[in-house]
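Asks: This is the structure I have questions about; it appears just below.
The values are calculated or read from the model by the stated rules, or taken from the named source; none is laboratory data. Just so we're clear, the structure is a prediction, and the values are computed from it rather than from any experiment. Neighbour counts are summed over all protein chains in view; Cβ atoms, including those assigned to glycine, are modelled from backbone coordinates with ideal geometry. Surface areas here come from the heavy atoms of the whole protein model, side chains and all, with no ligands, DNA or RNA. Shrake-Rupley method; radii C 1.70, N 1.55, O 1.52, S 1.80 Å.
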Amino acid sequence: MRKYNLITPDGEEELLFSECAQLRAVEKRICKIFSRACYNEVRTPTLEFADVFLTGAGSIPMENMFKLTDNKGRLLVVRPDSTLPIARMTASKLRDARMPVRVYYNQPSYRTAAGRGKSSRTMQAGIELIGTGGKAADLEVLSLAVAALDSCLDDFRIEIGHSGIFRTLAAKLDVSDAKREELREYIESKNYAALSAELEKLPKSDAAAAIGMLPRLFGSADVLDKAKDIITDDEIAAQLSYIGEVYTALSKLVPGERLMIDLGLVNQNDYYTGLVFTAYTHGSGDMVLTGGRYDSLLGQFGFDQPACGFAINMDALVKAINPTVSASAAVPDTLVLACDGSEIEALRHLSKLGDEGMVCEFGVFTDRDDAIRYAVERAIARIDIVSDSVETIEIGEEN
Amino acid sequence: MSANIKPLRIALTKGRLEKKTVELLEAAGYDCTAVREKGRRLILPVGENIEVVLAKAADVITYVENGVCDLGVVGKDTIMELGNSFYEILDLGFGRCRFAVAGKTDGCEFSHIKTVATKYPNVTRRYFEGLSMDVRVIKIEGSVELAPLLSLADVIVDIVETGSTLKENGLEVKSEVCPISARMICNIASMKLRKDEIEKLVSQIEEQIK
């Protein structure tokens, strides 16, 4: 039998040294922004019952989840998403908490999407603001999204839309659920040709005409005016003016050229019920952030509460910040070498230097020349040799 | 930091789609001399602000999905086979043909099909699933027409243009799956980050294919 003991599975990846350091630094920065806005960290299980992800809106296709069974034969999955487990957790453990509840998470999620350079693991950090609806809550969440991106990126685009627009229009069409999903996919992929071909097969209506325009309705604020000309429905007019309000408010935070509106923003994640938003940046072909309002999701877990949140794709973010990281280990400031019998004194000396802010490595050499050669090779500038006293050797360029 | 100084990068499917796209770009006023005289180079400048990358069809999708190319020109057949997390923004109208099920003229009835040979296993599975037919799919790399002749499969699913290859081998179209043509695809982030440049290019091309 062939042994795969030296390679990792498709879609997996290991991080070494500076790669970890970079991810960690970004995580620290982002989590600080979350926690100082009074969001508290939660961790949800790595393994969950599959049922959590197979209930109603927001269910995740079976074929995209890694599955296993517990010792009673019940189906488990490796966490494919963090929002659904947090909804489950809120509905069970935080039922009696004073609303609103603010939580953040920083944990990986897994989907079977290997191949063509896609990773099956995504490091995700995000927030959920649970138990409150309305504009103030939406703007709080959006402002944190902007703050998180601002803390890491020089340039990005954030776009907002409303999941209700497509839903309201599609409800007016006399089509099957499968056909509606097909139309949604064409809008999502901005496939103008297929969308209009499909709509031509339907009886002519204002709703069909408006759906045909959705994928083109993205850009700056004038998109809303264009949309108002095309769509006369009252419900949608209210949704459009809501996006307008959010846009105006958000433009106090984000320069105009970074802020966009996309009325064709129709995620497959159909648990969104209101505002939806996405962010992009140069250097990453993927979305770096996605989020929105999901007012009916917690109800699926028997706890009817509005909620809004977002997730940052940390891998995409790190890649955008520094596209060419190579793995390198940190170089210590000092090598601490012990003479025979003085090991503990040397280790004490090392931790004292550490307290002073120095990065020190313990020299595991018995021969002084070996230690010097090692220090030269690794470009360590100083060696402290500890016996009854401490002798310091500075390694100059001449060595 | 203005990353927009980078040229807009388009991945073209090598061969016929490449030639047709170059004709379109030239008609739209872009200088494609470098592509016409490419030699062995794989990344070529077109005018001031565009860069063309030549690749195999499936790789065009990979490059665009991963964002290393902003745009791509690729056949609908490849898109259908490999899925899509990108924008499919334009039907370029050339490279027209169709996916079809074909078999021996004296072959089995359609409803009795059990084995299908194809270069496009995903398209094939989806099509027969849609008809609620349970078939075995065999992936073949080239000259799929051989499979029914050698009795490896009852029928094939393949791209059919004129049907003359089928005819010469005693095969006929049993059922049409769907029409195919060349498409322009776009990376999702690029569409948002470089909207103006992309829309300008797309509308110039759209004018040529009207």
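Asks: Could you tell me which of rounded, prolate or oblate describes the stretch A:63-190, using a ≥ b ≥ c as the square roots of the eigenvalues of the alpha-carbon gyration tensor, with rounded for a/c under 1.5 and, failing that, prolate when a/b is larger than b/c and oblate otherwise?
Replies: Rounded, since a/c falls under 1.5.
Asks: Roll a 1.4 angstrom probe over the protein heavy atoms and tell me the percent of accessible area of chain B that is carbon or sulfur.
Replies: Numbers: 4950 of 10320 Å².
Looking at chain B in its full context, I get 48 percent from C and S.
Asks: May I pose another question? Which whole-number percent is the relative contact order of the stretch B:97-179 (Cα, under 8 Å, 6+ apart)? Don't jump to the answer; show the numbers that get you there.
Replies: Numbers: 158 pairs, mean separation 41.8, N = 83.
Over the stretch B:97-179, the number comes to 50 percent.
Asks: Related question: Do the alpha carbons of any pairs in A:Lys135/A:Lys252; B:Lys6/B:Lys76; A:Lys172/A:Lys201; B:Lys56/B:Lys139; A:Lys190/B:Lys200; B:Lys56/B:Lys104 sit beyond 21 Å of each other, and which pairs? Walk me through the numbers before you get to the answer.
Replies: Working: A:Lys135/A:Lys252 15 Å; B:Lys6/B:Lys76 28 Å; A:Lys172/A:Lys201 15 Å; B:Lys56/B:Lys139 19 Å; A:Lys190/B:Lys200 16 Å; B:Lys56/B:Lys104 31 Å.
As for pairs spanning more than 21 Å Cα to Cα, those are B:Lys6/B:Lys76; B:Lys56/B:Lys104.
Asks: Okay, next question. Could you work out how far apart the two model spin labels at A:Ala221 and A:Asp295 are, taking each label as a point 7 Å from the Cα in the direction of the beta carbon, and quote it in nm?
Replies: Each label point lies 7 Å from its Cα, and together they span 2.5 nm.
Asks: In Å², and per residue, what accessible area does the stretch B:97-179 have when probed at 1.4 Å with the other protein chains present?
Replies: On the way: 4620 Å² over 83 residues.
Ligands and nucleic acids excluded, the result is 56 Å² per residue.
Asks: Is any residue of the stretch A:9-31 close enough, with backbone N under 17 Å, to a label point placed 7 angstrom from the Cα of A:Thr46 along the Cα-Cβ axis, and if so, which?
Replies: Output list for this probe position: A:9-15.
Asks: Relative contact order of the stretch A:217-296: what whole-number percent is it, with Cα pairs under 8 angstrom and at least 6 residues apart?
Replies: In percent, rounded to a whole number, it is 27.
Asks: Can you list the residues of the stretch B:167-197 that have at least 30 square angstrom less accessible area with all protein chains present than in their chain by itself, probe 1.4 Å?
Replies: SASA drop of 30 Å² or more in the stretch B:167-197: B:Ile188, B:Ala189, B:Met191, B:Lys192, B:Leu193, B:Lys195.
Asks: Another one. Regarding the stretch B:97-179, what are the three Cα extents along the principal axes, ordered largest first, in Å?
Replies: Cα spread of the stretch B:97-179 along its principal axes, largest to smallest: 31, 26, 23 Å.
Asks: Total Å² of accessible surface buried at the B-A contact, 1.4 Å probe, nearest 100? Please report the intermediate quantities before stating the final value.
Replies: Working: alone 11390 and 20730 Å², together 29960 Å².
When B and A are taken together, about 2200 Å² of accessible area is lost.
Asks: For chain B, what mean projected area does the convex hull of the alpha carbons give, in nm²? Write down the numbers at each step before the final one.
Replies: Values: hull surface 52.3 nm².
Computed as one quarter of the Cα hull surface, the answer is 13.1 nm².
Asks: While we're on this one: If R₀ is 30 angstrom, what is the calculated FRET efficiency for the pair B:Asp134 and A:Asn71, using the beta carbon separation as r and rounding to 0.05?
Replies: Values: r = 34 Å, r/R0 = 1.13.
The value I calculate is 0.30.
Asks: Now for a different question. Per residue, how much accessible area does chain A have with a 1.4 Å probe, in Å²?
Replies: Numbers: 19640 Å² over 399 residues.
Ligands and nucleic acids excluded, the figure is 49 Å² per residue.
Asks: Any idea what log10 I(q)/I(0) is at q = 0.14 Å⁻¹ for chain A, Debye with uniform C-alpha scatterers and no solvent?
Replies: So the normalised log intensities are -1.25.
Asks: Still on this structure, I have one more. Would you mind computing, in nm to one decimal, how far apart the modelled labels at B:Thr165 and B:Gln208 are, each placed 7 Å from Cα along Cα→Cβ?
Replies: That separation, rounded to one decimal, is 2.7 nm.
Asks: Considering Cα pairs under 8 angstrom that are at least six residues apart, work out the relative contact order of chain A and quote it in whole percent.
Replies: Working: 654 pairs, mean separation 70.3, N = 399.
Here the relative contact order equals 18 percent.
Asks: Next question. Counting helices only, and only those DSSP H runs with n ≥ 4, report the 222 nm mean residue ellipticity of chain A as the sum of -39,500 (n - 2.57) divided by its residues, in deg cm²/dmol to the nearest 500. If you can, show how the numbers build up before the last one.
Replies: Values: 12 runs with 142 residues, N = 399.
Result for chain A: -11000 deg cm²/dmol, rounded to the nearest 500.
Asks: What FRET efficiency do you get for A:Arg24 and B:Ala34 if R0 is 41 Å and r is their Cβ-Cβ distance, rounded to the nearest 0.05? Please report the intermediate quantities before stating the final value.
Replies: Numbers: r = 44 Å, r/R0 = 1.08.
Result of the calculation: an efficiency of 0.40.
Asks: Indicate the gyration tensor shape class of the stretch A:334-394 (rounded, prolate or oblate), computed on the Cα atoms with a ≥ b ≥ c the square roots of the eigenvalues: a/c under 1.5 is rounded; otherwise a/b larger than b/c is prolate and the rest oblate. Please list the in-between numbers first.
Replies: Details: a/c = 1.86, a/b = 1.11, b/c = 1.68.
The shape class here is oblate.
Asks: Only counting protein heavy atoms at a 1.4 Å probe, give the residues of the stretch A:186-201, ordered by number, whose accessible area falls by 10 Å² or more when the other protein chains are present relative to the chain alone.
Replies: A:Glu188, A:Ser189, A:Lys190, A:Asn191, A:Tyr192, A:Ala193
Asks: Right, next: Between A:Arg2 and A:Met358, with labels modelled 7 Å along Cα→Cβ, what's the label distance in nm to one decimal, could you check?
Replies: Spacing of the two 7 Å Cα→Cβ label points: 5.2 nm.
Asks: Let me ask something else about it. Do you know which residues of the stretch B:63-88 lose at least 40 square angstrom of accessible area in the protein assembly compared with their chain on its own, with a 1.4 angstrom probe?
Replies: In the stretch B:63-88, residues shielded by partner chains: B:Glu65, B:Asn66, B:Tyr87, B:Glu88.
Asks: Now a separate question. Using only the alpha carbons of the stretch A:307-368, what is the convex hull's orientation-averaged projected area in square nanometres?
Replies: Hull-based average projected area comes out at 8.2 nm².
Asks: Now a separate question. Can you tell me which of A:Ser241, A:Ser342, A:Ser119 moves the most in a GNM of chain A? Springs connect C-alpha atoms under 10 Å apart.
Replies: A:Ser342
Asks: Once neighbouring chains are kept in place and the probe is 1.4 Å, which whole percent of the accessible area of chain A is contributed by carbon and sulfur? Walk me through the numbers before you get to the answer.
Replies: Working: 9950 of 19640 Å².
Roughly 51 percent of what the probe reaches on chain A is carbon or sulfur.
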